[in-house]
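Report on the following structure.
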Amino acid sequence: MRLAWTSLLLFSALTVGCATAPKDPGARSTASVTGSMPEFIENDYAAALREAKSRHLPLLVKVWAPWCHACRSMQANVLPHPSVAPFAARYVWLAIDTDAPGSAGFLQRFPIDTWPTVLVLDPEGETVLARSVGGASVEQFVGLLEHGLRASQGQLVDSDKVLVLADARAAAGAHAEAALAYQEALKKAPADWPTRGRAVTSLLKSLGAAGESVPCTEAALDELPRLRAAEDQVRVAATGLACALDIPEGDSAALRSRLSLVAGRALQLPPEAVDPDLRSSLYESLVEARQIDGDDAGAIALAEEWLGFLERSAGRVRTAQQKTVFDGHRVMAALSIGRPEQAVPALEQSEKELPGDDNPPARLAMLYLAAGRLDEALKANGRALALARGAARMRVLSLRSDILFARGDRAGASESLERAIAEGRTAVDLSSRRQLVWLEKKRKRFDAPEMAPAR
């Protein structure tokens, strides 16, 4: 079950995305709510840098990808919020799609390993003034914007100055050094430091990226009682659990159980206190933790609760873009309880309402495959492949390989897998490189005589 869940997580996490159509570099996006969302320069770092210099403004960079559910949640629920509007004229805004070929130059300068990542840059020195990783609520995002402005004006207290240094190191990929700086910032900070939640999340991300799963889990356990905001608690609990899931079996594995127990309490926070997407991410980590610990019955029970939560959350929002935020997690939850058919109607509706988005048919193909509806799986995968671009194509091709193998077409499965690997070798983002490593391992398993389809 663990291997199946790992494959599911990898594919689902990499295919939950935004329906935004590809745009020309330098093009401006259109606000979904008139006057309430900043206008973004798309995938043109040089143009955004020039504009920021000419206007003497800091540059805010939203780094996203077309498979990132937290990116979609930010686009649908955070950026259009009236609280963001006062900052629209105080920044130059740039959106970098890591799947787009034109993003290579930016990604070489600022390696990205978490989606979404938001950076505030000083355009003169191209230095990092603030950084946020992972999903964020409106309040958390506004806090980042306020911090970025203070940093650009040199109005920071000691703990904030150390945080800027830590963010710069993390943005450069120097995570071991960044973790030390985040720890120093937290030591210097007052008990009521408003940036504590973001600093702790960034510390955990850097520890995880540096391979320090046990210190990351310990830090989450240590810091959670200090956090006051409900959304900070959920965000840190989910991030810490992601580290705990990587702890090897043995004495240290007890840490995972301790954090799972603490994190589980965060699910009891009032619904209105936590963004649904953040809460869903916590469900995801808790379900996987139970699976790793061999508690299959507990994992299924929690996944049932998770799926019910997702269905209620989707029922409360109005637009297709808002509803599809929950689609990827719906797939995970439905597969976790062994009832893929339960998520099919929602995904079919998403495909109907978002005809230019490759994610709904890609997810449908996964559900159909799990349900044994192989002809429908292949057709849905073909629709996704016709729409997919950039690094997304290798993920769709990887699933196509599984579908063809399940149909008994070993030659076709092998060809699709080789095409997926070829697509991955041209990608520049870290997510695609990780996926490429997984695909090459999959090819070795595929070559084994006893190989079974990877679900």
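Applying the condition of being of a type in the set (Val, Ile, Thr) and assigned to a helix (DSSP H, G or I) to the stretch 391-450 and asking which residue is modelled with the lowest pLDDT yields VAL437.
Residue-wise test of (1) acidic (Asp, Glu); (2) farther than 20 Å from GLN321 by Cα; (3) in contact (Cβ under 8 Å) with a residue 24 or more places away in the chain; (4) in contact with a helix residue (DSSP H, G or I) (Cβ under 7 Å, 6 or more places away or on another chain).
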site: VAL344; (1), (2), (3), (4): no, no, yes, yes
site: ASP358; (1), (2), (3), (4): yes, no, yes, yes
site: PRO361; (1), (2), (3), (4): no, no, yes, yes
site: ALA371; (1), (2), (3), (4): no, yes, yes, yes
site: MET394; (1), (2), (3), (4): no, yes, yes, yes
site: SER398; (1), (2), (3), (4): no, yes, yes, yes
site: PHE405; (1), (2), (3), (4): no, yes, yes, yes
site: GLY408; (1), (2), (3), (4): no, yes, no, no
site: ALA413; (1), (2), (3), (4): no, yes, yes, yes
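Taken over the stretch 348-365, residues that are of a type outside the set (Asp, Glu) and either surrounded by fewer than 24 Cβ atoms within 10 Å (Cβ to Cβ) or touching a Pro at 6+ places or on another chain (Cβ under 8 Å) (or both) amount to 7. A Cβ distance below 6 Å, combined with a sequence gap of six or more or placement on separate chains, defines the contacts here; from the stretch 29-45, residues that are of a type in the set (Ser, Thr, Tyr) reach residues that are modelled with pLDDT of 55 or more and in a loop (DSSP other than H, G, I, E, B) in the pairs SER32/PRO80; SER36/PRO80; SER36/PRO82.
Counting residues that are among the polar types (S, T, N, Q) and touching a helix residue (DSSP H, G or I) at 6+ places or on another chain (Cβ under 9 Å), which helices (runs of 4 or more DSSP H) fully inside the stretch 162-243 reach at least 3?
Values: elements: 175-188, 196-209, 213-223.
In the stretch 162-243, 196-209 are the helices (runs of 4 or more DSSP H) which contain 3 or more residues that are among the polar types (S, T, N, Q) and touching a helix residue (DSSP H, G or I) at 6+ places or on another chain (Cβ under 9 Å).
Within the stretch 398-412, does at least one residue satisfy the condition of being more than 26 Å from SER350 (Cβ to Cβ) and surrounded by 23 or more Cβ atoms within 10 Å (Cβ to Cβ)? Within the stretch 398-412, none of the residues are more than 26 Å from SER350 (Cβ to Cβ) and surrounded by 23 or more Cβ atoms within 10 Å (Cβ to Cβ).
Take the conditions (1) surrounded by fewer than 24 Cβ atoms within 10 Å (Cβ to Cβ); (2) in contact with a Leu (Cβ under 6 Å, 6 or more places away or on another chain); (3) among the basic types (Lys, Arg); ARG383 misses just one of them, which is (2). Check whether at least one residue in the stretch 186-202 is out of contact with any Pro (no Cβ under 6 Å at 6 or more places or on another chain), of a type in the set (Ser, Thr, Tyr) and over 17 Å from SER132 (Cβ atoms), and report yes or no. The answer is no; no qualifying residue exists.
Once the stretch 65-89 is narrowed to residues that are hydrophobic (A, V, I, L, M, F, W, C) and closer than 19 Å to GLY148 by Cα, the residue that is nearest to the chain's Cα centre (by Cα) is MET74. If you go through the stretch 35-61 and pick out every residue that is surrounded by fewer than 21 Cβ atoms within 10 Å (Cβ to Cβ), in contact with a strand residue (DSSP E or B) (Cβ under 7 Å, 6 or more places away or on another chain) and not in a loop (DSSP other than H, G, I, E, B), you end up with 4.
Which residue out of ALA244, ALA174, ALA229, ALA254 is farther than 27 Å from ASP275 by Cα, small (Gly, Ala, Ser) and under 24 Å from the mean Cα position of the chain (by Cα)?
Values: ALA244 fails: farther than 27 Å from ASP275 by Cα; ALA229 fails: farther than 27 Å from ASP275 by Cα; ALA254 fails: under 24 Å from the mean Cα position of the chain (by Cα).
Only one candidate qualifies: ALA174.
The values are calculated or read from the model by the stated rules, or taken from the named source; none is laboratory data. Source: prediction; values computed, not measured. Neighbour counts are summed over all protein chains in view; Cβ atoms, including those assigned to glycine, are modelled from backbone coordinates with ideal geometry.
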